[in-house]
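What follows is a set of notes on a single structure, which appears directly below.
A short reminder: the numbers here are calculations on the coordinates, not readings from a lab. Just so we're clear, the structure is a prediction, and the values are computed from it rather than from any experiment. In this analysis, Cβ positions are derived from the backbone assuming ideal geometry, glycine residues included, and neighbour counts consider all displayed protein chains.
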Amino acid sequence: DTGVSQNPRHKITKRGQNVTFRCDPISEHNRLYWYRQTLGQGPEFLTYFQNEAQLEKSRLLSDRFSAERPKGSFSTLEIQRTEQGDSAMYLCASSSKPGTGPLEQYFGPGTRLTVT
Amino acid sequence: AQSVTQLDSQVPVFEEAPVELRCNYSSSVSVYLFWYVQYPNQGLQLLLKYLSGSTLVKGINGFEAEFNKSQTSFHLRKPSVHISDTAEYFCAVIPDPGLASTNAGKSTFGDGTTLTVKP
């Protein structure tokens, strides 16, 4: 299967704990995106990478959030000192760099975070 | 900056009836437009896209959409729906990456339309 994969699919944590999610993009894609989706809302952009460079971060991404893509392949999203408001579905997507392939983003199944 | 408005949060229809899901957008630069479908507990799947050329685009599962630049709309249609079309549908825009000084990687999504197909 060459689709986007995310792990874990579900995470339940207590407030104040740190969590880390992983995303493995489609292998030939050099762009990787993170979104957050809450119930009844569309995905909200958090950040994106081109290869290993983080090109943009949303103001939604507070200091407690950090994302990395160290070798330009998989990416991790870490949330420190989780709060109940962090409960959401975290979606990862990948795409080609403009001019090198199709622009559309391919999404993973998401990681559902519940903070108790 | 871009914004996307999906005019109907819920659309109930009977099986085999036609359906239209409405999407309007706002942008100061030219954009590419997309429709995605999301089934429960799954990620988003691309239905169709408009980049340039013919304003009527066809996608998977019998869906089509028409880009109307003057009305800044990109409505999704299907002439005859099935029970299996029940899902959440999202309209999204991306700034034209050929333009300078744009947020080339940032997609803006609408809040979604829940399509419920009843037997």
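Details
- The alpha-carbon atoms of the protein assembly as shown define a convex hull whose volume equals 127 cubic angstrom per residue.
- Rounded to the nearest 0.05, the FRET efficiency derived from the C-beta distance between A:ARG81 and B:ASN41 at R0 = 30 Å is 0.65.
- Comparing A:TYR48, A:TYR106, A:TYR33 in a Gaussian network model of chain A (Cα springs below 10 Å), the most mobile by mean-square fluctuation is A:TYR106.
- Using a simple spin-label model with pseudo-atoms 7 Å out from Cα toward Cβ, B:ASP111 and A:ARG9 lie 3.0 nm apart.
- For chain A, the normalised intensity computed at q = 0.14, 0.18 Å⁻¹ comes to -0.52, -0.86 (log10 of I(q)/I(0), Debye sum over alpha carbons, equal scatterers, no solvent).
- Reciprocal of mean inverse Cα separation for chain B (Kirkwood radius, Å): 14.5 Å
- Straight-distance crosslink candidates among lysines, where the alpha carbon sits under 18 Å from B:LYS78 and sequence neighbours closer than 8 are dropped: B:LYS49, B:LYS58, B:LYS118
- For A:ASN51, the residues 5 or more places off, or on other chains, whose built amide H falls under 5 Å of its own are A:ARG31, A:LEU32.
- For chain A, built as a Gaussian network whose Cα springs stay under 10 Å, the top-fluctuating residue of A:LEU32, A:LEU55, A:LEU91: A:LEU55
- Sparse-neighbourhood loop sites, trypsin sites (Lys or Arg not before Pro) in region B:1-80 - DSSP loop, at most 13 other Cβ within 10 angstrom: B:LYS69
- When chain B is treated as a Gaussian network with alpha carbon springs shorter than 10 Å, the biggest mean-square fluctuation among B:PRO95, B:PRO40, B:PRO12 belongs to B:PRO40.
- Simple label model, 7 Å out from Cα along Cβ direction - B:ASN68 to B:GLU20, nm: 0.7 nm
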